[in-house]
Amino acid sequence: MNTRITRSKATALALRQFTFPLEILEHFVKCLADQGETATVKAWSLTCRSLLPPCRSHIFETVKLKASTPYWYEGQEMHIRLEAITRFERLLDLNPDIAFYVRDVHYCVRNIDLDDQRMPALFRRLSRVRSLTLSSRIRHFDPRLDWTTMSVDLQRVLLRIIQSPSLNKLHLSAIYNFPLNAFSSAVNLAYLELHYTSFAGWVDGDNVSIGRPHRLRSLVLRNLSGENVRTLIQAKQSNGALVVDCTGISDFHVKESHHRELEVAKEVLQIAKCTQTVSLYAIQGHGPPYFQDIIQSNTLNTLKNFAATVSIGDSGISISDPLLKLCDEFEKWAGHNHIEQIDLTLIVESDADCPLGAVWERLNCLTNEDKFPVLRHLSLDITIHMWKWAEHIRKALEEQRSKEFKELLTSKRIDFRFSVRVDPIELGKLSRG
């Protein structure tokens, strides 16, 4: 019997036996997870034992202990949410190792949780939480949670997570009387986001301690948080040290703001020494001063990326400058900045006045290399929610682009991107009306 194997057969046999290194397969798993292909990642986890840990690290990375129904449907919400929590508890009972893979936790506190022992017991199992989003939907007229109304066990277990060495990101939403000294215990907290949150003084307990000022790298302010952020950045420990140190903030963002958030933004940026990215949000009618003098020379020394969002409301007030004098600030920055990218977003609400014509020409000052020597990218995105003449205004803006943005469009140094769109939801309402 001829036992010789030809070269072509040997090659085919080798190909059938070839396997990718585990590191390559783990990269494939990560790519699938990043694209939201959770079902595919789950299928891969069943193919071999070696792929089970990397697949689990993505499948169980984020746990959301909340339901999607509006908080005023309290009974329906509780039923859906408790069922999900029960399933998660059973999963951990069957396989306690799953808790190792949980890194991002979203927890919305409801009335039923205030004295329930299930949630503290569940959180005690999670020892490697990297990001915690703590929000509340307690009442329809005021969704905020009073921290002091929670059971002592729930307070302690949440503080344990916050002060854990693994936690580096915290988002608080609709919480009041949150203890200030919890921040001094958060040894590795670098990213903080606040919305509708207020703070209380020092609290007693073995879960908080006095230490060095905690140095933030990123701070995000959302609506109704301005005054309380001022309280936070000015608060001091009993030894005289600050609770948080804002000098190391590199990324600073104001979202969904009224004018008080912008006022506090100026104070934060005056403290920060190495800010590289700033994004601000202004609503026409909730000011001035809007953007005036928020960015000072100390920020311009390090600032590389700047973004601004302007919302023009339907208050009926006619405005001549859709960017709320932001171009005046650009003139102040001229010649002493290191900005590489500027992104501008304009949101025109229903029946608002959207100025046309030469008002947009002032943006061409950004092409001056002496004023903005390292600027390479500029974008202007306009979204129109207007019920009347929306399509007309969109066409008018696009037709005028070659005239109003002539220098930007012909610049070889700056990549200028301009877009105008009409919100399809508003168009649907208009067509039905």
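The values are calculated or read from the model by the stated rules, or taken from the named source; none is laboratory data. Please read all numbers here as calculations on a predicted model, not as lab measurements. Quick reminder, even Gly has a Cβ in these numbers, built from the backbone with ideal geometry, and neighbours come from all protein chains shown. Heavy atoms of the whole protein, side chains included, go into the accessibility calculation; ligands, DNA and RNA do not. Shrake-Rupley method; radii C 1.70, N 1.55, O 1.52, S 1.80 Å.
The table for this structure:
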quantity	calculated
Verdict on GLU26 being surrounded by 15 or more Cβ atoms within 10 Å (Cβ to Cβ) and modelled with pLDDT under 90	yes
Selected residue (only one of PHE141, PHE100 is open to solvent by 70 Å² or more (accessible area, probe 1.4 Å) and modelled with pLDDT of 90 or more)	PHE100
Residue selected from the stretch 233-247 under the condition surrounded by 15 or more Cβ atoms within 10 Å (Cβ to Cβ) and out of contact with any Phe, Trp or Tyr (no Cβ under 6 Å at 6 or more places or on another chain), by the criterion farthest from LEU300 (Cα to Cα)	GLN237
Among (1) among the aromatic types (Phe, Trp, Tyr); (2) farther than 21 Å from LEU221 by Cβ; (3) open to solvent by less than 10 Å² (accessible area, probe 1.4 Å) - the single one PHE183 does not satisfy	(2)
Output for the stretch 30-52, where each listed residue is open to solvent by 60 Å² or more (accessible area, probe 1.4 Å) and either in contact (Cβ under 8 Å) with a residue 12 or more places away in the chain or of a type outside the set (D, E, K, R) (or both)	LYS30, GLN35, THR38, ALA39, LYS42, TRP44, LEU46, THR47, SER50
Number of positions in the stretch 277-325 that are modelled with pLDDT under 90, among the hydrophobic types (A, V, I, L, M, F, W, C) and part of a strand (DSSP E or B)	2
